[in-house]
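Novice: Quick one: the structure is below, and I'll ask about it shortly.
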Amino acid sequence: MGACLALCSLASCASCLCGSAPCLLCGCCPSSNNSTITRLVFSFFLLMGTFVSVIMILPGMETQLRKIPGFCKGGTSIPGIENQVDCNVIVGYKSVYRMCFAMTCFFFLFCVIMIRVRSSKDPRAAIQNGFWFFKFLILVGITVGAFFIPDGTFHDVWFYFGLVGSFIFIIIQLILLIDFAHSWNKAWVENAENGNKCWFAGLLSFTVLHYALAIAAVVLFYIYYTMPDNCTEHKVFISLNLIFCVIVSIVSILPKIQATQPYSGLLQASIISLYTMYVTWSAMTNNPNRKCNPSLLSLVSNVNTTQPSGGSPTGQVQWWDAQGIVGLIIFLFCTLYASIRSSSNTQVNKLMQTEEGGGSGGEGVVGEDGIRRAVDNEEESVTYNYSFFHFHLCLASLYIMMTLTNWYKPETNTQVMQSTMPAVWVKMSSSWLGLGLYLWTLIAPLIFPDRDFS
């Protein structure tokens with residue numbers, strides 16, 4: 001009897017894995033929409049690849065693999081068995097580059113396939129919302145193939161792909177944070193207007209907290225990342241972004257802005273300011289001048305880690321630092337939020353190629369096969385642009401690659417990693433462009449009063 005039940009369970013799972021998305025997670029989310037579940041599963045693929053990359057880059061992983069008999073070239077061997085695996089490739093930054101290359105190719109493939117899908121009646125929508133087992137096999141196949149790419153110039157070329165993709169993704173992250181802050185502010189203001197003034201106190205508390213953290217960050221930046229006779233770039237970066245944050249904060253509460261956008265306020269501006277300071281910090285940590293870029297470990301332990309200006313790079317790479325961990329946390333939040341978001345912000349919906357959210361779906365329906373399925377809410381039209389969603393995940397893969405390798409540039413010998421100024425300028429320019437986009441969302445209704453920006 002137990003075997004029969006197990007076979008039935010496997011058959012049910014197989015029908016979900018090879019069929020459509022609505023039954024795949026419906027046991028956990030019985031009243032979710034088909035579109036939401038599909039995005040969650042694709043995001044899970046991305047997070048799974050990220051988790052594998054994190055494992056591959058953990059300190060000491062290569063040493064542990066070399067202890068496995070008969071596995072790594074140059075490691076412990078078994079008589080009569082030749083070690084075949086190059087552990088220099090399957091761990092460290094090489095493995096991250098290859099894993100993220102595979103994820104980028106996977107999502108770019110679906111980005112091309114899903115161009116101009118208008119509703120779930122399109123045959124390609126079945127590919128988008130189903131056949132998960134085969135999609136997983138495709139991802140595994142591309143990943144295995146990526147590890148056979150010769151070293152050569154692959155890492156140098158892919159580094160610049162990572163720079164461009166990460167630049168765009170940082171802007172998308174900022175757009176998602178703006179949308180999150182808008183939804184947060186709107187929900188709490190509406191609750192406060194319904195009679196409970198505690199929501200206003202909550203908004204004020206979080207706004208003050210965000211600004212306090214941003215101001216504290218500026219002070220610490222001036223203390224630890226600038227010098228009286230050096231680090232001119234850092235002084236310019238910190239000062240400019242501080243001025244820009246003050247400008248967008250003032251603009252967000254101007255009477256004319258409030259008249260056209262009553263839910264605009266300091267909460268959104270405070271979140272944008274705090275995120276801008278994070279990007280500024282992240283950029284400064286990639287400055288190759290160690291005098292202007294002390295590691296967080298040296299700041300805490302009061303150890304001088306600067307190297308002579310004429311010295312050659314030692315090749316020592318600090319894979320895990322605070323800004324990288326914070327970047328991963330923000331990435332995880334934005335990825336999950338992009339999968340479940342249901343926004344009423346028209347401007348953000350246009351930028352993110354989504355439609356206005358209509359709330360959650362109804363109760364999941366039970367099909368003829370007895371499997372509970374989620375609601376297909378895309379029979380008339382899709383609720384998000386399939387192609388743009390995969391393009392977003394494609395950029396996210398490149399961002400993960402750069403974050404896990406601390407935006408270091410691999411040298412030609414593929415043994416040394418160095419910080420570079422291009423990474424600094426990419427991050428700073430993305431922060432400026434992001435602030436410009438936020439400012440545009442504030443003033444656009446005033447410049448074009450005949451257009452609907454609600």
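Novice: Listed highest first by mean packing, meaning other Cβ atoms within 10 Å per residue, what order do 246-259, 45-58 come in?
Specialist: Ranking, from highest mean packing down: 45-58, 246-259.
Novice: Give me a comma-separated list of calculated 3J(HN,Hα) values for the range 432-439, in order, Karplus coefficients 6.51, -1.76, 1.60 applied at θ = phi - 60°, integers in Hz, x for any Gly or Pro.
Specialist: 5, 5, x, 5, x, 5, 5, 4
Novice: Along the range 144-153, what does the Karplus equation 6.51 cos²θ - 1.76 cosθ + 1.60 (θ = phi - 60°) give for ³J(HN,Hα), rounded to whole Hz, x for Gly and Pro?
Specialist: Result, rounded to whole Hz: 4, x, 5, 6, 9, 5, x, 4, x, 9.
Novice: With a/c under 1.5 counting as rounded, go ahead and sort the range 175-291 into rounded, prolate or oblate using the C-alpha gyration tensor (a ≥ b ≥ c being the square roots of the eigenvalues; past the cut-off, prolate if a/b is larger than b/c, else oblate). Before the final figure, lay out each step's value.
Specialist: Details: a/c = 2.92, a/b = 2.45, b/c = 1.19.
Prolate.
Novice: Another one. Let me see the P(r) profile for the range 168-212: every Cα-Cα distance counted, bins of 5 Å, each bin given as a percent of all pairs.
Specialist: Going out from 0 Å in 5 Å bins, the range 168-212 shows 5, 21, 21, 21, 15, 9, 5, 2, 0 percent.
Novice: Quick one: what are the phi-derived ³J(HN,Hα) couplings along the range 51-60, Karplus 6.51/-1.76/1.60 with θ = phi - 60°, whole Hz, x for glycine and proline?
Specialist: Result, ordered by residue: 4, 5, 5, 4, 4, 5, 9, 4, x, x Hz.
Novice: Collect residues whose amide H, placed 1.01 Å from N in the peptide plane, falls under 5 Å from the amide H of K409; neighbours closer than 5 in sequence don't count.
Specialist: Q418, S419, T420
Novice: Per-residue counts of other Cβ atoms within 10 Å, averaged by peptide: what ranking do you get for 272-285, 143-156, highest first?
Specialist: 272-285, 143-156
Novice: Between rounded, prolate and oblate, where does the range 115-186 land on the alpha carbon gyration tensor, with a ≥ b ≥ c its root eigenvalues, rounded for a/c under 1.5, else prolate if a/b exceeds b/c?
Specialist: oblate
Novice: Further question on the same structure: Would you mind checking which residues have amide H under 5 Å from G130's amide H? H placed 1.01 Å from N; only 5 or more apart, or other chain.
Specialist: When sequence neighbours closer than 5 places are left aside, the close amide H contacts are A21.
Novice: Too long at a 21 Å Cα-Cα cut-off: which of K186/K256; K197/K256; K94/K409; K235/K427; K186/K427? Please list the in-between numbers first.
Specialist: Working: K186/K256 18 Å; K197/K256 25 Å; K94/K409 12 Å; K235/K427 16 Å; K186/K427 30 Å.
Distance filter (> 21 Å) returns K197/K256; K186/K427.
Every read-out reported here was derived from the displayed coordinates using simple, explicitly stated rules and does not represent laboratory data. Worth saying up front: this structure is predicted, and the values here are computed from it rather than measured. Glycine also receives a Cβ, built like all others from the backbone with ideal geometry; neighbour counts cover every protein chain displayed.
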